[in-house]
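Inspection log for the structure reproduced underneath, given as structure tokens.
The values are calculated or read from the model by the stated rules, or taken from the named source; none is laboratory data. Since we're looking at a predicted model, the values are computed, not measured. All Cβ positions, even for glycine, are placed from backbone atoms using ideal geometry, and neighbour counts span all protein chains on display. Note: areas computed on protein heavy atoms with side chains; ligands, DNA, RNA excluded. Shrake-Rupley method; radii C 1.70, N 1.55, O 1.52, S 1.80 Å.
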Amino acid sequence: MFDVNSVRQAYPALAGQVHGKPLVYLDNAATSQMARPVWDAVSRTELRRANVHRGIHAVSEECTAAYEAARAAVAGCLGAQPEQIRFTSGTTDAVNQTADWLRTQLRPGDRIAVTRMEHHSNFVPWQQICLETGAEFVILPLTASGELNMDAAQKMLAHGVRLVAAAHSSNVLGTVNDIPALAELTHKAGGQLFVDGAQGICHEEVDVNALNCDFYAFSGHKLGAPFGIGALYARSPLPPARFGGGMVDEVLDDRTTFAAPPQSGEAGTPNISGAVGLAAALDFRKKLPDGWQAWEDALLEQLEQGLHSIAGVHILGQPCRRSGCLSFTVDGASPYDIAVLLDQLGIAVRSGHHCAQPLLRTLGQEYALRVSPAFYNTPKEIDALLDGLRRVLPLCTT
């Protein structure tokens with residue numbers, strides 16, 4: 001049986017307080033807490049450090065070995081090869097680097113499709129390059145339950161598309177998309193599939209070969225790694241998007257040749273300790289006791305059942321498969337007011353548009369509350385949230 005108490009011991013933040021109350025941290029879809037072994041790995045790298053790939057002294061070689069071992073760890077986590085992994089500052093950076101590559105190829109009449117549930121980071125870059133190039137920007141609709149409408153997608157993609165961008169899992173509804181099915185439609189239409197895995201990789205094992213995607217991106221901080229580190233898998237490595245030191249082979253007055261991938265895609269001094277921390281976070285998760293995913297699902301089910309018992313609460317979406325988070329509104333109450341009052345009880349949830357304004361407006365909302373439990377949360381904490389809602393709602397409903 002999954003022992004949550006032993007896991008929680010690795011997370012110093014969970015033993016803390018806010019406003020004199022024990023911290024109940026339920027905002028993991030935004031950022032998850034860092035385990036002590038991850039912090040230790042980052043600290044070791046920062047306390048004895050040198051740049052990578054350029055020095056022949058021992059400390060540089062140590063850091064280079066640690067950095068490339070981190071790349072191999074990310075590749076292993078995704079079922080990919082190290083040369084297919086480019087370190088980025090996060091998912092947003094990965095999307096923009098891919099968009100920079102595609103921008104040079106788009107022509108009027110080309111099409112890029114995104115789903116209605118996308119985070120702004122996987123929506124706005126594609127929208128903008130379509131506006132710049134004259135390509136058509138297509139939005140794939142959802143069903144009434146908050147799932148991707150695959151019948152509509154099949155019809156809309158049948159006319160040809162250069163790229164489809166889709167979340168592995170929605171950061172608002174928790175909907176888990178059928179990525180292999182979407183990949184089949186995309187490839188049949190002649191396009192490539194970019195998957196925003198920022199949420200998906202946090203809650204299930206990822207095999208890019210089984211998903212059959214062409215790109216997969218994620219951020220470290222949602223996995224308990226440091227801020228400012230992430231990774232981009234590309235089935236066929238992208239050409240250089242940024243130029244500078246560390247990614248060149250030979251520089252002449254009239255031309256430059258570049259290093260082989262993945263170094264050619266990482267100009268300048270990389271986030272070495274961040275990459276090491278990302279590998280440590282992935283390793284920590286790999287060693288979690290069996291049952292952690294079922295534990296998360298049970299917490300989410302407990303939350304959903306509890307919310308149904310509170311008058312005026314409306315849960316957004318009812319997908320067949322929900323993972324990681326759940327969002328809701330309350331009749332006559334501002335999500336901001338509720339979040340502020342819950343914070344006074346030591347309970348951290350997210351309020352706002354969750355960087356998904358097109359989705360929320362389709363649902364008839366501007367803002368919502370989001371709760372996102374992780375494997376280190378407990379049923380007692382879910383009960384604390386539900387009790388907190390019952391306490392604060394009379395204070396902020398009209």
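Would you mind stating whether A368 is touching a Leu at 6+ places or on another chain (Cβ under 7 Å), small (G, A, S) and touching a residue at least 12 places away in the same chain (Cβ under 8 Å)? Break it down stepwise before answering.
Details: touching a Leu at 6+ places or on another chain (Cβ under 7 Å): yes; small (G, A, S): yes; touching a residue at least 12 places away in the same chain (Cβ under 8 Å): yes.
Judged against the criteria, A368 is a match.
I need the strands (runs of 3 or more DSSP E) fully contained in the range 99-215, keeping only those with at least 2 residues that are in contact with an Asp or Glu (Cβ under 6 Å, 6 or more places away or on another chain) and modelled with pLDDT of 95 or more.
192-196
Exactly one of (1) in contact (Cβ under 8 Å) with a residue 40 or more places away in the chain; (2) open to solvent by less than 40 Å² (accessible area, probe 1.4 Å); (3) more than 26 Å from T31 (Cβ to Cβ) is unmet by S273. Its number?
(3)
Return the only residue of A231, A279, A267, A241 being within 29 Å of V164 (Cβ to Cβ) and surrounded by 21 or more Cβ atoms within 10 Å (Cβ to Cβ).
Answer to the selection: A231.
Please specify each residue of the range 91-117 satisfying the condition of being closer than 25 Å to T362 by Cα and either touching a strand residue (DSSP E or B) at 6+ places or on another chain (Cβ under 6 Å) or among the aliphatic types (A, V, I, L, M) (or both).
Of everything in the range 91-117, those that are closer than 25 Å to T362 by Cα and either touching a strand residue (DSSP E or B) at 6+ places or on another chain (Cβ under 6 Å) or among the aliphatic types (A, V, I, L, M) (or both) turn out to be T91, V95, R111, I112, A113, V114, T115, R116, M117.
Within the group V18, V7, which residue is farther than 20 Å from S219 by Cα and crowded, with 17+ Cβ neighbours inside 10 Å?
V7
Name the helices (runs of 4 or more DSSP H) wholly inside the range 284-398 in which the number of residues that are modelled with pLDDT under 95 and surrounded by fewer than 19 Cβ atoms within 10 Å (Cβ to Cβ) is 3 or more.
379-396
Filter the range 38-54 down to residues that are small (G, A, S) and part of a helix (DSSP H, G or I) and give me whichever is surrounded by the most Cβ atoms within 10 Å (Cβ to Cβ). Before you say what the answer is, go through the steps one by one.
Pass one, the range 38-54, residues small (G, A, S): 41, 43, 50.
Narrowing the set further to residues that are part of a helix (DSSP H, G or I) leaves 41, 43.
Numbers: A41: 24, S43: 13.
Only one residue fits best here, namely A41.
It is to be established whether one or more residues within the range 86-100 are more than 21 Å from R285 (Cα to Cα), touching a residue at least 40 places away in the same chain (Cβ under 8 Å) and of a type in the set (G, A, S).
Yes: the range 86-100 contains one or more residues that are more than 21 Å from R285 (Cα to Cα), touching a residue at least 40 places away in the same chain (Cβ under 8 Å) and of a type in the set (G, A, S).
Just checking, does the range 62-72 include any residue being touching a strand residue (DSSP E or B) at 6+ places or on another chain (Cβ under 7 Å), surrounded by 17 or more Cβ atoms within 10 Å (Cβ to Cβ), assigned to a helix (DSSP H, G or I) and not small (G, A, S)? Spell out the reasoning first.
Our first condition is that a residue be touching a strand residue (DSSP E or B) at 6+ places or on another chain (Cβ under 7 Å); within the range 62-72, this holds for 71.
Imposing the further condition that a residue be surrounded by 17 or more Cβ atoms within 10 Å (Cβ to Cβ) reduces the set to 71.
Restricting the remaining residues to those that are assigned to a helix (DSSP H, G or I) gives 71.
With the extra rule that they be not small (G, A, S), the set shrinks to 71.
Among the residues of the range 62-72, at least one is touching a strand residue (DSSP E or B) at 6+ places or on another chain (Cβ under 7 Å), surrounded by 17 or more Cβ atoms within 10 Å (Cβ to Cβ), assigned to a helix (DSSP H, G or I) and not small (G, A, S), which makes the answer yes.
Residues to consider are D249, D253; find the one that is part of a loop (DSSP other than H, G, I, E, B) and farther than 30 Å from K286 by Cα.
D253
Residue by residue, here is whether (1) at negative phi; (2) touching a residue at least 24 places away in the same chain (Cβ under 8 Å); (3) in contact with a helix residue (DSSP H, G or I) (Cβ under 9 Å, 6 or more places away or on another chain); (4) crowded, with 21+ Cβ neighbours inside 10 Å holds:
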residue: L14; (1), (2), (3), (4): yes, yes, yes, no
residue: P22; (1), (2), (3), (4): yes, yes, yes, no
residue: L26; (1), (2), (3), (4): yes, yes, yes, yes
residue: T31; (1), (2), (3), (4): yes, yes, yes, no
residue: I56; (1), (2), (3), (4): yes, no, no, no
residue: S60; (1), (2), (3), (4): yes, no, no, no
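Kindly indicate whether any position in the range 172-187 is over 26 Å from R361 (Cβ atoms) and among the acidic types (D, E).
Scanning the range 172-187, I find at least one residue that is over 26 Å from R361 (Cβ atoms) and among the acidic types (D, E), so the answer is yes.
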